[in-house]
Amino acid sequence: MKAARLHAYHEPLKLDQVDEPKALGPLDVVVRIGAAGLCRTDLHIQEGQWAEKSGVQLPYTPGHENAGWVHEIGSAVTNVERGDTVIVHPFITCGLCGPCRRGDDMHCVNGSFPGIDRDGGFADFLLTSARSVVKLGPALEPKDIAALADAGLTAIHAVKRAIPVLTAGTTAVVIGAGGLGHIGIQCLKAMTPAEIVVIDPSEKALTLAGELGADHTVKVDGSHVDTVKEMTDGFGAEAIIDFVGERGAIEDGIAMVRDGGFYYVIGYGENINIPTIDVISREISFIGNLVGTYADLEELMTLTAQGQVSLHTTTYPLDAINDAMADLNGGRLQGRGILVPAGG
């Protein structure tokens, strides 16, 4: 099969011919990839930021936002059949450890992460597990929902954690209305009564944010922090939901959160730099968000089926992987980039 593989950090991916994966274990599922979402994490992988954490040996295949059709199943798989349309939860979990028993999938002590610490979905086929596949209606096209497997899942997970904070009369500031942010805005609109303020440097992204439910949009122009403070009577927002995590977003977010507020970290790339005395005196809480659970993904699929969440995407053939990554890195993508293999 064809796969886009990383052979060396800081270099473009290469298209290789590799062996197709096989369903050798009883709960194995091989998915024929219909679409694979492109994530900023893929750029960070290419930059070597995950080299020590993942422990992978190069070359390997990235891609952790995947959807397609069941191609082969192991002997004990009963929840899907060959030909079923599925979206793939990005983590492969054991189901037996303490976190799995509690429904805390992303902290499975025996888990593995295709596209991070083993071969992912920038290929014609992906090996995953029966525990990771969510069966979908045949009318759903993988290219229309693939990015919900991570971008959407991460967004809804963060929003669900913020729900107790975002009661009527509160404000949520969304930093970044791109691939994750535009989904987060829709989840906030569907699941909370909070007033939604979106900041972004792109006029197109802000226009989209307004169409998707943002109550206010603010262009990043040097005065945006003051603008948000004015909107919140000088106090700042109860919740900052940061889908960027770099390029000045963190400093802006800390300046815009009110005392006693909550800062939800989703995007990453730089460090949080704040004196501990400020954390204490202002009583700010920083909350990390690592993708989401299987239950989160099912809930997101329900919102999608109800028409409350939709993806804005740009599609690329698999052999244009490096063009797609360059567009993502250069800020030229609106919504999410989607790779479609030749057979997708």
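Derivation of every value follows stated rules applied to the coordinates shown; laboratory data play no part. Computed from a predicted structure; not experimentally measured. Note that each Cβ is placed from the backbone with ideal geometry, even for glycine, and that neighbours are counted across all protein chains shown.
Before moving on, here are some points about what is shown:
- Going through (1) in a loop (DSSP other than H, G, I, E, B); (2) farther than 30 Å from Ser285 by Cβ; (3) among the aliphatic types (A, V, I, L, M) one by one, Ile116 falls short only on (2).
- Residue in region 191-199 that is in a helix (DSSP H, G or I) and under 13 Å from Ala162 (Cβ atoms) present: yes
- Among the candidates Val265, Val279, Val257, Val291, residue that is in contact with a Leu (Cβ under 8 Å, 6 or more places away or on another chain) and not charged (D, E, K, R): Val291
- Residue in region 27-48 that is charged (D, E, K, R) and in contact with an Asp or Glu (Cβ under 6 Å, 6 or more places away or on another chain) present: no
- Residues satisfying the stated conditions in region 79-105, i.e. over 27 Å from Asp319 (Cα atoms), in contact (Cβ under 8 Å) with a residue 12 or more places away in the chain and out of contact with any Pro (no Cβ under 8 Å at 6 or more places or on another chain): Asn79, Val80, Thr93, Cys94, Gly95, Leu96, Cys97, Gly103, Asp104
- Residue pairs meeting the criteria (Cβ under 6 Å; at least 6 apart or on separate chains; first of a type in the set (Lys, Arg), in region 116-137; second crowded, with 22+ Cβ neighbours inside 10 Å): Arg131/Thr93; Lys135/Val86
- For region 121-157, a residue qualifies if it is touching a strand residue (DSSP E or B) at 6+ places or on another chain (Cβ under 8 Å), farther than 21 Å from Leu328 by Cβ and not in a loop (DSSP other than H, G, I, E, B), and the qualifying residues are Phe125, Leu127, Thr128, Ser129, Ala130, Arg131, Ser132, Val133, Val134, Lys135, Leu136.
- In region 60-93, the residues that are crowded, with 16+ Cβ neighbours inside 10 Å and not in a strand (DSSP E or B): Thr61, Pro62, Gly63, His64, Gly74, Val77, Val80, Asp84, His89, Pro90, Phe91, Thr93
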